[in-house]
Amino acid sequence: MLDFITEKENSWDFLKNTDLPVFIYGMGDGAEKILRVFDVYGITAAGFFASDEFVRGHYFKGHLVHTLSQIEDLIDDFIIVLAFGAGYESLYRRISEMAKRHTLLAPDVPVVGEGLFTYEYCMENAEKIQKVYDILADDFSKQTFADIINFRISGKIEYLHRCTAEKSEIWQSIILLTHSERYIDMGAYNGDTVIEMNELTKGQYEHIYAVEPDTRNFRKLTKNTEGMENITLVNAAAWNENTELTFSDRSGRNSKLTDGSGVKLKTVRGATGDSLCPNATLIKMDVEGAEAEALEGCECSLKSGSRLICALYHRNGDIFELPLKVHEINPELKLYMRHLMYIPAWETNLYCAL
């Protein structure tokens, strides 16, 4: 079982046991999360560096923030820990070039929730992980699943390089669009994926339902989709029932449900996909850790064969729990897994079609 998991040493254990200095690339929330895990494992950060355009002689956690070249002038060999996401090509390439000169790891920390994705965690969930591997619809999905798991254990970005797919391949071979789509976009953000759908179909679709809970994002969504026909904008959070939910008023792409600790709160409407359109033909959900509940709220459409695009990277268990949930709702749906260009594995998605 789990022969495809070849990485046994967790990135955190590697960093704890190394004799080389460890420098963190980046600041902000990502670095804060990594430092909290460093404290648990007893890992010491030798310092921090940022991209040249962000270095202004300032300090982070008591350390002067350097450029990479400044550190290279002082130290021959060290380890880089990436502490932010890289999703555009120039930055992605820059990080890849760094990894050719130094050991570079992107340790996995969950976007939402607690715990770590470790080898031990995989062994605890071995039966579920193996089942997902077995039911994936093609060899590239199986390879992607294996690579993402090995990456999340080890932090080695070469696994992401190997499984990165082109978005065009997904539209051309898995999610085959028609001119009669009833599309629900859950987590519509500022309308970026709604606009993409409009462009791909050349404006020929039956109806779009765009669901976005954050007030400021919703204003951008409204502005960016102005003039589009056959579209319903819904200021709500995707959920498994129509109710009221507590939400963090952070705005941005990462607005999410919250337990109320340390953030500004507001109450938002929770809505099911089935209450908006019980016979959707395509559903996309990227809802910051509420994907399990959102799937439950779309059972009618999924049981009828709706295609699905679902984020798999917010919670530790999403990569196996969400495919199993879809399979339970409709075993006839074929399950594909693809990773788009991003470090770490924040653009790993499930794609489902009959």
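Things worth noting here:
- Filter pass, Tyr92 being hydroxyl-bearing (Ser, Thr, Tyr) and assigned to a helix (DSSP H, G or I): yes
- Residue count, the stretch 147-164 (criterion: open to solvent by less than 10 Å² (accessible area, probe 1.4 Å) and either in contact with a Cys (Cβ under 8 Å, 6 or more places away or on another chain) or under 29 Å from Leu354 (Cβ atoms) (or both)): 5
- The set of residues from the stretch 214-226 being modelled with pLDDT of 95 or more and either β-branched (Val, Ile, Thr) or part of a loop (DSSP other than H, G, I, E, B) (or both) comprises Thr222, Thr225, Glu226.
- Neighbours by Cβ (under 8 Å, 6+ apart or cross-chain): first from the stretch 23-47, over 20 Å from Val112 (Cβ atoms); second open to solvent by 50 Å² or more (accessible area, probe 1.4 Å) and part of a strand (DSSP E or B): Ala45/His63; Gly47/His63; Gly47/Leu64; Gly47/His66
- Check on Phe23, outside any helix (DSSP H, G or I) and at pLDDT 95 or above: yes
- Residue in the stretch 108-119 that is within 22 Å of Met1 (Cα to Cα), of a type in the set (A, V, I, L, M, F, W, C), assigned to a loop (DSSP other than H, G, I, E, B) and in contact (Cβ under 8 Å) with a residue 40 or more places away in the chain present: yes
- Single residue of the stretch 44-62 satisfying the filter (part of a loop (DSSP other than H, G, I, E, B) and among the hydroxyl-bearing types (Ser, Thr, Tyr)) that is most open to solvent (accessible area, probe 1.4 Å): Thr44
- Those helices (runs of 4 or more DSSP H) of the stretch 252-308 in which at least 1 residues are over 25 Å from Glu206 (Cβ atoms) and modelled with pLDDT of 95 or more, considering only elements entirely within it, cover 291-296.
- Taken over the stretch 102-141, the residue count meeting the criterion of being open to solvent by 60 Å² or more (accessible area, probe 1.4 Å), hydrophobic (A, V, I, L, M, F, W, C) and within 16 Å of the chain's Cα centre (by Cα) is 0.
- Residue count for the stretch 309-335 satisfying the condition of being over 17 Å from Ile129 (Cβ atoms) and either in contact with a Ser or Thr (Cβ under 6 Å, 6 or more places away or on another chain) or in a loop (DSSP other than H, G, I, E, B) (or both): 5.
- Qualifying positions in the stretch 1-20 - over 30 Å from Lys128 (Cβ atoms) and open to solvent by less than 40 Å² (accessible area, probe 1.4 Å): Thr18
- Scanning the stretch 63-83 for residues that are assigned to a loop (DSSP other than H, G, I, E, B) and hydroxyl-bearing (Ser, Thr, Tyr) yields one hit, Thr67.
- Unique residue being more than 21 Å from the chain's Cα centre (by Cα) and either buried (at least 16 other Cβ atoms within 10 Å of the Cβ) or free of Cβ contacts under 8 Å to residues at least 40 places away in the same chain (or both) when the list is Ala99, Ala86: Ala99
- Residue check for Ala280: touching a helix residue (DSSP H, G or I) at 6+ places or on another chain (Cβ under 7 Å), within 30 Å of Leu116 (Cα to Cα) and either of a type in the set (A, V, I, L, M) or crowded, with 24+ Cβ neighbours inside 10 Å (or both): no
The rows are residues; the columns are (1) part of a loop (DSSP other than H, G, I, E, B); (2) in contact (Cβ under 8 Å) with a residue 40 or more places away in the chain; (3) farther than 17 Å from Arg307 by Cα.
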| position | (1), (2), (3) |
| --- | --- |
| Ile129 | no, yes, yes |
| Lys142 | no, yes, yes |
| Ile153 | no, yes, yes |
| Tyr159 | no, no, yes |
| Trp171 | no, no, no |
| Ile175 | yes, yes, no |
| Ile184 | no, yes, no |
| Glu196 | no, no, no |
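- Restricting the stretch 26-43 to residues that are surrounded by fewer than 15 Cβ atoms within 10 Å (Cβ to Cβ) and modelled with pLDDT under 95, the residue that is farthest from the chain's Cα centre (by Cα): Gly28
The values are calculated or read from the model by the stated rules, or taken from the named source; none is laboratory data. For clarity, every value in this text was computed on a predicted model and none was experimentally measured. Every residue, glycine as well, gets a Cβ built from its backbone with ideal geometry; the counts of neighbours run over all protein chains shown. Accessible surface is based on the protein model in full, side chains and every heavy atom, while ligands, DNA and RNA are left aside. Shrake-Rupley method; radii C 1.70, N 1.55, O 1.52, S 1.80 Å.
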